[in-house]
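Right, one structure below, let's go through it.
The values are calculated or read from the model by the stated rules, or taken from the named source; none is laboratory data. Please read all numbers here as calculations on a predicted model, not as lab measurements. When we count neighbours, we look across all protein chains shown, and the Cβ atoms used for this are built from the backbone with ideal geometry, even at glycine. When the accessible area is computed, the model is the full protein with side chains, heavy atoms only, and any ligands, DNA or RNA have been set aside. Shrake-Rupley method; radii C 1.70, N 1.55, O 1.52, S 1.80 Å.
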Amino acid sequence: MIYLDNNATTMVAPEVTQVMSDFSERYYSNPSSLYPEGKKVRRFIEDAREQMAGLLRISTRTLFFTSGATESNNTALHSALNSFPKKKRIVTSQVEHSSIKQPCDAFVQAGYEVSWVSVTKTGSLNIEALRHMLTDDVAVVSVMWANNETGVLFPIDEVARIVKEKGILLHVDAVQAVGKIPLSLEKVPVDLVSFSAHKIHGPKGIGALFVREGTPFHPLVLGGQQERGRRAGTENGAGIIGFAQALQLAVKHVSELNTRVRDLRDDLERSITQAIEGSFVNGESEPRIPNTTSITIPDVEAEPLLIRLGACGIAASSGSACLTSALEPSHVLQAMGHSKELASRVIRFSLSCYSAEDDIREAVKKLKLIVSDIRKLNNKSVTI
Ligand SMILES: Cc1ncc(COP(=O)(O)O)c(C=O)c1O
């Protein structure tokens, strides 16, 4: 398989598999147990937390583990609303991942209000709209660092300045930014940040939430005193150790992603837009993470295209949600002003440090053939 769907998930790095299996073969005790084996597991977990905090330049006490970024995002919203019970409004963007969007929809059902910040045609955050939404009743602003579909980066420094001037809590979903741009949480005054391991060649089912010291916090998952009372449930030791190893590799590979992989992505875009008439790159003029491209082919439905690419051994995606096995038109592209029809004609390729030049050449070759085939079929069905 030529794997070009790294924003969906990534291959677990061999170094990660190694540390996880070494750990799992030797240890199984509960880290809350008082006998030596339990304490050893506790030490592994705390060492991993320390390693990650060092890489993110944050204090160890501010990072706790979750089952993934979906839980981290849900926790951040839940915590903010419960910390400020008189404030009934969330401000978020129209292009967030469903793990923010759907909880927001559920909060609306429960009587809260949500203000959705619009984006421009090229996918950048409408900062003036955000500014006007920062009223006294806002409990939290939640925005993503990088968009999972288009790769467009939001100016989190600027957002943080504006939101913190008003004394409002700021949550950032950093899932697609980690390992793709240099991140340093010491410089940006964000309060809560979500992370996920499986987007950076770590294991699935493990994530983290950063909660800046002094930020009020209410846990979502209750039932034990693990993670200093911030997230109940026996810790996923192997997952945590794998996550720390993956983050270390991700930080090491950031510069390669921003040079070699960015060049590959740019070549891919150039080759496709030159070869396939009418195709265009979404968010091209914006600052973007270096591994992602979202390409619209206005007369070709994404679903059959992706199925046929898959049959040729090429894994790509549309980036948008798959509901009961049918692709939904992308809400991100619709927020950028595309019609429903156009928003279902977009494919996303997302590369990683394991992507090679040959993969890109092969993907372009196959894509050209399939598109031309689909176009011939489309024309035939029109004439019939
Ligand atoms: C931007 C963003 N946020 C959150 C998530 C959810 O992460 P997880 O799979 O760890 O729950 C994803 C996964 O696709 C994502 O791309």
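Listed by position, the helices (runs of 4 or more DSSP H) contained in segment 40-154 that have at least 2 residues being over 16 Å from residue 196 (Cα atoms), open to solvent by 20 Å² or more (accessible area, probe 1.4 Å) and within 16 Å of the ligand (Cβ to nearest atom) are 98-109. Taken over segment 1-15, residues that are in contact with a Leu (Cβ under 8 Å, 6 or more places away or on another chain) and either within 15 Å of the ligand (Cβ to nearest atom) or open to solvent by 40 Å² or more (accessible area, probe 1.4 Å) (or both) amount to 2.
When segment 169-182 is filtered for residues that are in contact (Cβ under 8 Å) with a residue 60 or more places away in the chain, crowded, with 19+ Cβ neighbours inside 10 Å and over 14 Å from the mean Cα position of the chain (by Cα), only 169 remains. Cβ-Cβ contacts under 7 Å between residues 6 or more apart (or on different chains), taken from a first residue in segment 350-367 that is farther than 25 Å from residue 146 by Cα to a second residue that is open to solvent by 10 Å² or more (accessible area, probe 1.4 Å) and assigned to a loop (DSSP other than H, G, I, E, B), are listed as 366/312.
Inside segment 255-294, can you point out the residues that are touching a Phe, Trp or Tyr at 6+ places or on another chain (Cβ under 7 Å) and either among the aliphatic types (A, V, I, L, M) or open to solvent by 20 Å² or more (accessible area, probe 1.4 Å) (or both)? If you could, list the steps in order and put the result at the bottom.
Step one: list which residues in segment 255-294 are touching a Phe, Trp or Tyr at 6+ places or on another chain (Cβ under 7 Å), which gives 268, 273, 293.
Across segment 255-294, the qualifying residues are 268, 273.
Exactly one residue out of 113, 96 is within 21 Å of residue 292 (Cβ to Cβ) and either modelled with pLDDT of 95 or more or more than 16 Å from the chain's Cα centre (by Cα) (or both): that is 96. Can you confirm whether segment 206-224 contains a residue that is surrounded by fewer than 23 Cβ atoms within 10 Å (Cβ to Cβ) and polar (S, T, N, Q)? Yes, because at least one residue in segment 206-224 is surrounded by fewer than 23 Cβ atoms within 10 Å (Cβ to Cβ) and polar (S, T, N, Q).
Only one of 228, 270, 260, 265 is more than 16 Å from the ligand (Cβ to nearest atom), at positive phi and not β-branched (Val, Ile, Thr). Can you tell me which? Sole residue among the options that is more than 16 Å from the ligand (Cβ to nearest atom), at positive phi and not β-branched (Val, Ile, Thr): 228. Return the pairs, sorted by first residue and then second, in which the second residue is open to solvent by less than 50 Å² (accessible area, probe 1.4 Å) and among the β-branched types (Val, Ile, Thr), the first residue lies in segment 249-263 and is closer than 14 Å to residue 6 by Cα and assigned to a helix (DSSP H, G or I), the beta carbons are less than 7 Å apart, and the residues are 6+ apart or on different chains. Qualifying pairs under 7 Å: 250/178; 250/200. Filtered by the rule that a residue be in contact (Cβ under 8 Å) with a residue 40 or more places away in the chain and of a type in the set (Phe, Trp, Tyr), segment 30-86 gives 44, 64, 65, 84. If you go through segment 315-329 and pick out every residue that is modelled with pLDDT of 95 or more and either charged (D, E, K, R) or over 15 Å from the mean Cα position of the chain (by Cα) (or both), you end up with 2.
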